[in-house]
Amino acid sequence: MTNNLTNQQKKDWAKLLFMQEGMTFQDIAQKVDVSRITVGRWAEKESWEMLRAAVTSTREEQIRHLYMQIAQINKAISESDTKYATPAQADTINKLSAAIAKMEGDFGIADIIGVSKKFLTWLRARNPEKAIDISSEFDEFIKTQLK
C-alpha cells in the first residue's frame, strides 16, 4: 500500500502520525515504509517538535494535563496501603490545583478575541443587526485591554 504513495504523501502521513499519535520516528518509519533517518530529516527540516509543542501548549491542553496529573496522584493514593496522601503528594496536588486556578482565571487578549469571534458568528446567524452593534463594542473593549 505504501508503495503507491508519493514521497510527499509519505511525509504528510508521517507528520500526521507524529503530531496526532505521538509516535516515535522508528515507529513512523516502519509504518510509512521509509528509514528512520528520513523521518528525522523531515521532522528537523519542518520543525515538527516545535509544531507539536505549539499544538499541545494551548491553555486548555495545559489545564487538561494538570487535571490528569492530579487524577494520577489520586489513583496512586487510593491504591496505596494507607489511602492517605504523603506530604509530597499533598504538596504536589496543592501546587497543581493552584496552577489550575490561576490558568482558569487568566484570560489573555487572544482568549478575548477568540470568544468575541465565536459569539459574533453565533449572533450573526440569529440577529445580524445586533451583531453589528455588538461588534463595535467588542472592538472598543479589546482596544482598552491592549492599553
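The values are calculated or read from the model by the stated rules, or taken from the named source; none is laboratory data. Since this is a predicted model, take the numbers as computed values, not measurements. Cβ sites come from the backbone with ideal geometry, for glycine too, and all protein chains shown count toward neighbours. With ligands, DNA and RNA removed, areas are computed over all heavy atoms of the protein, side chains included. Shrake-Rupley method; radii C 1.70, N 1.55, O 1.52, S 1.80 Å.
Structural remarks
- If you go through the stretch 36-54 and pick out every residue that is open to solvent by less than 60 Å² (accessible area, probe 1.4 Å) and assigned to a loop (DSSP other than H, G, I, E, B), you end up with 1.
- Options E21, E44: the member that is among the acidic types (D, E) and within 19 Å of the chain's Cα centre (by Cα): E21
- Count of the stretch 87-101 residues, restricted to those that are among the hydroxyl-bearing types (S, T, Y) and touching a residue at least 24 places away in the same chain (Cβ under 8 Å), is 1.
- Contact annotation: residue pairs with Cβ atoms under 7 Å, 6 or more positions apart or on different chains, pairing a residue in the stretch 2-31 that is farther than 16 Å from W48 by Cα with a partner that is part of a helix (DSSP H, G or I), are T2/K10; T2/V32; K31/L17.
- One residue alone among M19, M23 is out of contact with any strand residue (DSSP E or B) (no Cβ under 9 Å at 6 or more places or on another chain) and outside any helix (DSSP H, G or I), and that residue is M23.
- Taken over the stretch 1-15, the criterion of being open to solvent by 50 Å² or more (accessible area, probe 1.4 Å) and under 12 Å from W42 (Cβ atoms) is satisfied by N7, Q8, D12, W13, K15.
- Qualifying residue in the stretch 25-35 (condition: among the aliphatic types (A, V, I, L, M) and surrounded by fewer than 16 Cβ atoms within 10 Å (Cβ to Cβ)): no
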